[in-house]
Amino acid sequence: MARSDSSPRVKKKRGCLRGCLWFLLIILVLLGLVLGLLFRVPERLGIGSTRAEKLLSPTPDRVASAKMLQEAKAAGLSPNGVHLYVLPMKEGTASIAFAVLRATEGFTFVRGQRDPVIQTLVTLGTTATARQSGVAVVGLEFYDEKDRSYMTVAGRMEDIQKVAQGQMTDEEFMRIAYGDVRIDEVLSADIDALRELLSSSSSSSQ
């Protein structure tokens, strides 16, 4: 009896691991493609077809991107500094939505009862176009007032829907979402700038 009870648990753990690895792969591919689209990294490096280009459409769905952004803004998303890309997968009907948020262009997070970053994902993920376009993952990257990449966060559509419906807390969502907050790099850059300023002030006073 003990052996029969342990078998399903092992299978469940493997399934979870595979699902997490697949989700992480999608996020990494997504980030690579978005960076490539924005900065044309592959062309500059002379690289041809990439894994991202094989998995996703080489160009965003501009109609879906515009409609989804319009609906999100109507639902309370900041009207400024948002660049949204809906990237369809070549095989199947699924898509990935990724938003680049720039404080230098006037973007601000909406403050409320929910974590503002999670609320932004919820606002994007609950639009009608997100459902119609088969969006499976919603992600965002935030650039601060000095145009530095501060954080990248992404979550599966099904988890975002659970948060929106009150079936999952913010804390539970963040434990399973992909997140990378680069606060150490930002603080380090600020400290270096401050040191340089103090050094130049000291030199000029002498």
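Quick note: the coordinates plus some simple rules give every number you see, no bench work behind them. Bear in mind that the values here come from a model prediction, so they are computed numbers and not experimental data. Counting neighbours? That spans all protein chains shown, and the Cβs are built from the backbone with ideal geometry, glycine included.
Miscellaneous remarks
- Residue among ALA99, ALA72, ALA64, ALA130 that alone is in contact (Cβ under 8 Å) with a residue 60 or more places away in the chain, under 21 Å from ASP170 (Cα atoms) and crowded, with 21+ Cβ neighbours inside 10 Å: ALA130
- Hits in region 75-96 - residues which are β-branched (Val, Ile, Thr) and crowded, with 16+ Cβ neighbours inside 10 Å: VAL82, VAL86, ILE96
- Considering region 73-179, the qualifying helices (runs of 4 or more DSSP H), each wholly inside and each with 3 or more residues that are farther than 22 Å from ASP61 by Cβ, run over 116-125, 157-164, 170-176.
- Count - residues of region 59-95 that are within 22 Å of GLY112 (Cα to Cα) and charged (D, E, K, R): 2
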